[in-house]
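Everything below concerns the one structure shown next.
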Amino acid sequence: MRALSIGVLALLAGCAGMDRSPGPLYRCEHGIEFTAKFVDDTAVLSGSRGYDVLYRDAGGEGPGQSVYSNLRMKAEFGLGASGREAILRYPLLPLVARCARE
């Protein structure tokens, strides 16, 4: 029982140190909005279409562009002249949405 209590306290202490900021807000075509948080080789998207964890994928032209995907969607970041644009691709729908970071 004591080991379980220590484990729970350690987990809570670890969570307390995590960055809880939502990340930058992206507004897209088709009324889609989401925040994106980039951690290691993942992008965590949370917004009007739910919550998705995407993993770094091959692609992107240059160091400022990055591509992340999972089975449901693909996201390309760092697009446009300013690098503030993104594209979401939902191949099962099919739907493509252009986005801009605020």
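The values are calculated or read from the model by the stated rules, or taken from the named source; none is laboratory data. Not measured: the values here are computed from a predicted model. Quick reminder, even Gly has a Cβ in these numbers, built from the backbone with ideal geometry, and neighbours come from all protein chains shown. These area figures cover heavy atoms from the full protein model, side chains too; ligands, DNA and RNA do not enter into them. Shrake-Rupley method; radii C 1.70, N 1.55, O 1.52, S 1.80 Å.
Which one of these is open to solvent by less than 30 Å² (accessible area, probe 1.4 Å) and either on the phi > 0 side of the Ramachandran plot or in contact (Cβ under 8 Å) with a residue 40 or more places away in the chain (or both): GLY78, GLY50, GLY31, GLY60? So the residue among GLY78, GLY50, GLY31, GLY60 that is open to solvent by less than 30 Å² (accessible area, probe 1.4 Å) and either on the phi > 0 side of the Ramachandran plot or in contact (Cβ under 8 Å) with a residue 40 or more places away in the chain (or both) is GLY78. Taking (1) open to solvent by 40 Å² or more (accessible area, probe 1.4 Å); (2) part of a strand (DSSP E or B) in turn, TYR26 satisfies each apart from (1). Does SER69 satisfy the condition of being buried (at least 18 other Cβ atoms within 10 Å of the Cβ) and not hydrophobic (A, V, I, L, M, F, W, C)? Spelling it out, SER69 is indeed buried (at least 18 other Cβ atoms within 10 Å of the Cβ) and not hydrophobic (A, V, I, L, M, F, W, C).
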